[in-house]
Structures are given as structure tokens and as C-alpha cells.
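Okay, structure first, notes after.
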Amino acid sequence: MTQMNITGKKEMMRVAIIANSKYQSRRIAAKLFAILKDDPDFYLSKKNPHVVISIGGDGMLLSAFHKYERELSHVRFVGVHTGHLGFYTDYRDFEIDELIENLRKDTGEKVSYPILKVKITLDNGREIKSLALNEATVKRIEKTMVADVIINHVKFERFRGDGISVSTPTGSTAYNKSLGGAVLHPTIEALQLTEISSLNNRVFRTLGSSVIVPKKDKIEVIPKRLGSYTISVDNSTLHCKNVAKIEYCINSEKISFVATPSHTSFWERVKDAFIGDLDS
């Protein structure tokens with residue numbers, strides 16, 4: 001399908017195809033490329049695309065998101081699944097013809113989900129800024145992590161334990177769920193703070209359960225001990241010394257997916273991934 005330019009005329013849809021290194025993914029990418037390169041409705045380009053087709057699984061979609069995270073205002077994503085069931089994939093590898101036909105009929109509609117903005121401030125004043133589609137975690141390497149947790153300028157608790165995870169609604173089904181956090185529908189604009197092996201006894205106390213934080217509130221984690229910290233943002237990991245503060249909030253821009261009949265219901269994905277077929 002075509003896009004409208006500023007003159008009201010239609011232009012070709014610019015499509016970027018990104019695949020992981022698995023044989024099946026490369027095969028599907030080659031097939032898509034061969035079909036679309038000669039189609040007058042499409043123009044293949046990894047520069048300023050309208051649509052990014054990610055082929056592989058959730059990990060590949062995360063990589064595609066970070067590749068185009070500075071272009072979220074005008075790019076939409078489509079996931080093609082070539083492995084195990086993925087939360088970010090709408091098409092299976094045998095549904096390529098259906099994908100192309102839906103793109104031809106596309107009118108620009110999208111389904112958008114909130115993402116996480118992370119700012120790490122080191123003791124020397126250096127700032128590191130990142131975006132996360134799933135979650136960001138912080139852990140202390142040498143010893144127990146001790147940190148003040150501040151929510152919307154309120155000192156909420158002094159945490160002691162292995163670390164802290166802050167997830168998006170779409171990331172609530174990933175690491176957050178394994179930590180005992182709640183599953184949130186991805187259209188809910190909220191963050192979820194979940195403790196990682198918190199230390200709770202007669203002396204040290206934390207809330208213990210995950211906390212759902214609304215869009216308007218910011219989460220701050222302030223480590224109280226110098227040392228080395230491991231900070232993960234989606235599938236990237238940073239090793240930082242002497243972290244002064246980490247701030248988390250909902251980003252102003254969202255990630256958008258192409259809205260097609262194949263954009264699977266979130267609850268359908270949750271059921272398929274964690275529950276399976278129900279007995280009749």
C-alpha cells in the first residue's frame with residue numbers, strides 16, 4: 001500500500017527488512033526481498049522506512065526497535081515469527097503472502113504501546129540515556145545492593161537485595177513475570193517496579209510486592225554504596241562504577257505496530273504462551 005505525501009499524492013511504502021542469523025529467518029527475508037523489490041507499491045530501504053519488518057523472534061524485534069528508536073514518530077513495526085511463540089510477532093513464516101496483501105491494503109493505522117525512558121547518572125556527572133521496550137534492571141555486582149527508591153518525589157523505601165527491575169506493560173510478561181510481577185495490558189500507560197530477591201527481616205523491610213506506577217510519576221533509584229553495578233536495558237548490558245542515580249519514566253513517544261487483522265490480541269498471546277489450550 002502507499003503513503004500520502006504533503007501534496008496529497010500517494011508514494012510508495014518504504015520497507016526495511018531485518019532478520020536474525022538463523023537459516024529460516026534468512027530464507028524468509030530473501031523471499032520477501034525478492035517479492036517486494038519488483039512491486040510498484042513498495043520501495044525497499046533501511047533508511048527512513050515507513051514500516052520495519054522484523055524476522056525472527058522477540059529478540060530480533062528488540063534489536064529492530066533499538067535500531068530505529070530515534071524514528072518512532074514515523075515508523076511502524078511488523079514481526080514475522082520463525083521460532084517459538086513471540087509476543088511481538090503477528091505472522092508466522094508461512095504467512096508471508098498474507099503479510100504482503102495486508103501491507104498493500106494498509107491505510108496507516110497503528111497499534112501503539114508505551115516504552116520506558118532511562119537516565120543513568122554517574123558520580124562524575126556523566127549521564128547515559130536509553131530507551132527500553134521491555135525493561136531495565138540494576139544489580140550490584142560485589143555485595144548486597146542498598147538503594148533508596150523514590151516514587152513521584154516520595155522516598156518510598158530503602159531497598160536491600162539483589163536488584164530492581166522496572167518494566168513496561170509489554171515487558172510485564174518477560175523478566176518481570178518471572179520475578180512475580182503482574183501482567184499488564186500493553187495499552188496501559190504505566191511502569192512496574194519489581195524487587196529482585198529483596199532482603200526482609202525484623203531489621204530491614206521493603207514492600208515486597210511489585211508496584212504499578214502511573215504515567216505521570218517518575219521512579220528514582222539512588223544507590224547508597226559505591227561499587228560496580230550491572231544495568232541491563234532490554235538486551236543490552238552496561239557495567240557502571242559509582243552510580244549516583246537512575247531515573248525511569250514513560251517516554252513521550254511510543255512504539256507502533258501495523259494494525260492489521262493479524263495483530264494478535266494480547267490476551268490471546270498471554271494464553272498461548274503461559275496457559276495453552278483450555279480443556280473444554
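Read the figures in this text as sums done on the coordinates, not as results from a lab. From a predicted model like this one, the values you see are computed outputs, not experimental measurements. Using ideal geometry, Cβ is built from the backbone for each residue, glycine included, and neighbour counts are taken over all protein chains shown.
Would you mind checking which residues have amide H under 5 Å from Glu157's amide H? H placed 1.01 Å from N; only 5 or more apart, or other chain.
Counting only residues 5 or more places away or on other chains, the set is Val149.
Could you tell me the relative contact order of the chain? Use alpha-carbon pairs under 8 Å, at least six residues apart, and round to a whole percent.
Once normalised by length, the contact order is 19 percent.
Quick check: Cα centre of segment 75-127 to Cα centre of segment 181-256, how many Å?
Each part reduced to its Cα centre gives a spacing of 23 Å.
If the cut-off is a Cα-Cα distance under 29 Å, which lysines reach Lys215, setting aside same-chain residues fewer than 8 apart in sequence?
Candidates past the 8-residue exclusion: Lys67, Lys110, Lys117, Lys119, Lys129, Lys139, Lys155, Lys177, Lys224, Lys245, Lys254, Lys271.
Just in segment 69-136: which trypsin sites (Lys or Arg not before Pro) are loop by DSSP and have at most 12 other Cβ atoms within 10 Å?
Lys105, Arg126
Order these by the 10 Å Cβ neighbour count, fewest first: Val111, Val138.
Taking fewest neighbouring Cβ atoms as first place, the list is Val111, Val138.
Using the Cα centre of segment 116-250 as the reference point, and only Cβ charges (+1 on K/R, -1 on D/E), how large is the resulting charge dipole? Debye, rounded to the nearest 20.
Once rounded to the nearest 20, the dipole reads 360 debye.
Could you work out how much longer the chain between Lys105 and Asn48 gets when fully extended? Use 0.36 nm per residue separation minus the Cα distance between them, nm to one decimal.
18.4 nm
Give me the Kirkwood hydrodynamic radius of segment 191-262 in Å, from all C-alpha pairs, to one decimal place?
About 15.5 Å for segment 191-262.
Based only on other Cβ atoms within 10 Å, what is the fewest-to-most ordering of Ile35, Ile18?
By the 10 Å Cβ count, ascending: Ile35, Ile18.
In Å, what Rg and Dmax follow from the Cα atoms of segment 116-250?
13.6, 39
Starting from the Cα-Cα distance between Lys31 and Ser63, subtract it from 0.36 nm times their residue separation and give me the gain in nm to one decimal.
Computed gain between Lys31 and Ser63 is 9.4 nm.
Of all DSSP beta bridges in the chain, what percent run antiparallel (nearest 5)?
80
State whether the chain is rounded, prolate or oblate according to the following rule on the C-alpha gyration tensor (a ≥ b ≥ c being the square roots of its eigenvalues): a/c under 1.5 gives rounded; otherwise a/b larger than b/c gives prolate, and the remaining case gives oblate.
Note, shape of the chain comes out prolate.
Apply the a/c threshold of 1.5 to the C-alpha gyration tensor of segment 55-159 and tell me whether it is rounded, prolate or oblate.
Because a/c hits 1.5 or more and a/b exceeds b/c, segment 55-159 counts as prolate.
Just in segment 29-60: which trypsin sites (Lys or Arg not before Pro) are loop by DSSP and have at most 14 other Cβ atoms within 10 Å?
Of the trypsin sites (Lys or Arg not before Pro), the ones in loops of segment 29-60 whose Cβ has at most 14 other Cβ atoms within 10 Å are Lys37, Lys46, Lys47.
Per-residue ellipticity at 222 nm for the chain, helices alone: DSSP H runs ≥ 4 residues times -39500 (n - 2.57), over residue total, nearest 500 deg cm²/dmol?
Calculated mean residue ellipticity at 222 nm is -4000 deg cm²/dmol.
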